[in-house]
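Enquirer: Take this structure first; my questions come after.
Bear in mind that the values in this text are calculations on the coordinates, not laboratory data. Note that the structure is a prediction, hence the values are computed from the model and not measured. Here the Cβ positions follow ideal geometry from the backbone for every residue, glycine too, while neighbour counts run over all protein chains shown.
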Amino acid sequence: MNPILFPYIQGSEVEWIELNLLKYGQPISKATIIAQVPQHDDTDNFNETLEERVDSWLSELISRNYNLSSSFYELKGNTVYPNFSWVEYPEYFLCLYFSYAGASNDPVGTKLFERISANTIKNFIGGEICTFGFPSSKNLNEFLDDVAPVCFEERGSKAHNDYKDDGVDVLCYKSFDDNKSSNLYVLLQCAAGNNWKNKVPIHVERWTRYIQWSSRNILTSISTTDYVSERQWSKSASDYGILLDRNRIINWYIKTIDVFLRREVLIWCSDKVA
């Protein structure tokens, strides 16, 4: 068996196990996992043994697996088996890596995550997308000038120059294709880093001043590279609207894959597993 590549990080244990499973596409035993946990992170500050903790990580891994449209892992006895390697689902691997290691100082990977999130929400509502800053680096008002006529809405007031994107990375819209206003709009903010729960929710009232669309036609959304637990789900959804965690992202992204984007993601992931 190959040695575990990614180092153990306390607090990201499940992601750590997943990364190594997907990197090699080979099974990992509970004994191998236990051997990789540093001795100083043993039972001093816990009411359970290290073996019990590893059991709980594996149980959580399989529990999360139930939310995926395809089963990624199987637990047989004391060994967990991957059904895929990272190559089959590089977009999931990118999300997993950011959840494990954070996304600071990685503008390429962050932009890839925005584009993955954009295609996910596009597949979900069956609409079209405008991604802020891609492919050209237009400022917010230039972006708004382009968006308004595409949505058949009137352009409103200028955004303040201090606002880089005013919390929105992607606009997804679904038009009735009759050259009229009053369509469906989703404002999406993308949070590749670990601090996504500290993000300020989108100010819809400002966006209805920028473009004169009705707030009744607008939904807000956030995407995160994390897996969001049931305990966290309700509060996060009430704060941000449509919630896209990495399981939802991969379930919907793969319905229609952007082959050019996948090629870029594969290159990015290749560097992480090298």
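Enquirer: Please work out the C-alpha center-to-center distance from segment 102-119 to segment 85-100 and express it in whole Å.
Expert: Here the two parts' Cα centres lie 12 Å apart.
Enquirer: Where in the chain is the longest stretch that carries no trypsin sites (Lys or Arg not before Pro) classed as loop by DSSP and with at most 14 other Cβ atoms within 10 Å?
Expert: Result for the longest clean stretch: 1-137.
Enquirer: Taking amide H positions as placed in the peptide plane 1.01 Å from N, state which residues far from Asp169 in sequence (5 or more) or on other chains have amide H under 5 Å from it.
Expert: Long-range HN contacts for Asp169: Leu188, Gln189, Cys190.
Enquirer: Using the Cα centre of segment 102-257 as the reference point, and only Cβ charges (+1 on K/R, -1 on D/E), how large is the resulting charge dipole? Debye, rounded to the nearest 20. Could the numbers behind the result be given before it?
Expert: Numbers: 19 positive and 19 negative charges, 68 e Å.
Dipole magnitude for segment 102-257 comes out near 320 debye.
Enquirer: Something else: What's the center-to-center distance, using Cα atoms, between segment 188-206 and segment 233-253 in Å?
Expert: Value for the Cα centre distance between the two parts: 12 Å.
Enquirer: State which stretch of the chain is the longest one without any exposed GluC sites (Glu not before Pro), exposure meaning a DSSP loop state and at most 15 other Cβ atoms within 10 Å.
Expert: Longest gap between qualifying sites, sites excluded: 155-274.
Enquirer: Bins of 10 Å, beginning at zero and ending with the bin holding the largest distance: percent of Cα pairs per bin for segment 10-122, please.
Expert: 12, 41, 32, 13, 1
Enquirer: Hey, another quick one. Using Cα atoms only, what is the angle between the long axis of helix 230-240 and the major principal axis of the chain, expressed in degrees (0 to 90) to the nearest 10?
Expert: 20
Enquirer: Calculate, for Leu5 and Asp162, the FRET efficiency according to 1/(1 + (r/R0)^6) with r their C-beta to C-beta distance and R0 41 Å; round to the nearest 0.05. Could the numbers behind the result be given before it?
Expert: Numbers: r = 43 Å, r/R0 = 1.04.
Between Leu5 and Asp162 the formula returns 0.45.
Enquirer: Right, here's the next one. Please enumerate, by chain and number, the aspartates and glutamates with C-alpha under 15 Å from the C-alpha of Lys158, excluding those fewer than 8 residues away in the same chain.
Expert: Glu142, Asp145, Asp146, Asp166, Glu205
Enquirer: Let me ask something else about it. Does anyone have the angle between helix 13-24 and the longest principal axis of the chain? Alpha-carbon axes, 0 to 90°, nearest 10?
Expert: That works out to roughly 90 degrees.
Enquirer: What FRET efficiency do you get for Ser137 and Ser104 if R0 is 22 Å and r is their Cβ-Cβ distance, rounded to the nearest 0.05?
Expert: 0.60
Enquirer: Projected onto the charge dipole of segment 168-273 (+1 at Lys/Arg Cβ, -1 at Asp/Glu Cβ, origin at the Cα centre), which of Tyr210, Ala192, Tyr240 gives the Cα projection farthest towards the positive end?
Expert: With unit charges placed on the Cβ atoms, the residue in question is Tyr240.
Enquirer: For the pairs Lys164/Lys272; Lys23/Lys76; Lys23/Lys199; Lys23/Lys255, note any where the Cα-Cα span goes beyond 27 Å.
Expert: As for pairs spanning more than 27 Å Cα to Cα, those are Lys164/Lys272; Lys23/Lys199.
Enquirer: I've got another one for you. For every helix of n ≥ 4 consecutive DSSP H residues, a contribution of -39,500 (n - 2.57) applies; sum these over the chain, divide by its total residues, and give [θ] at 222 nm rounded to the nearest 500 deg cm²/dmol.
Expert: Taken over the chain, the calculation gives -13500 deg cm²/dmol.
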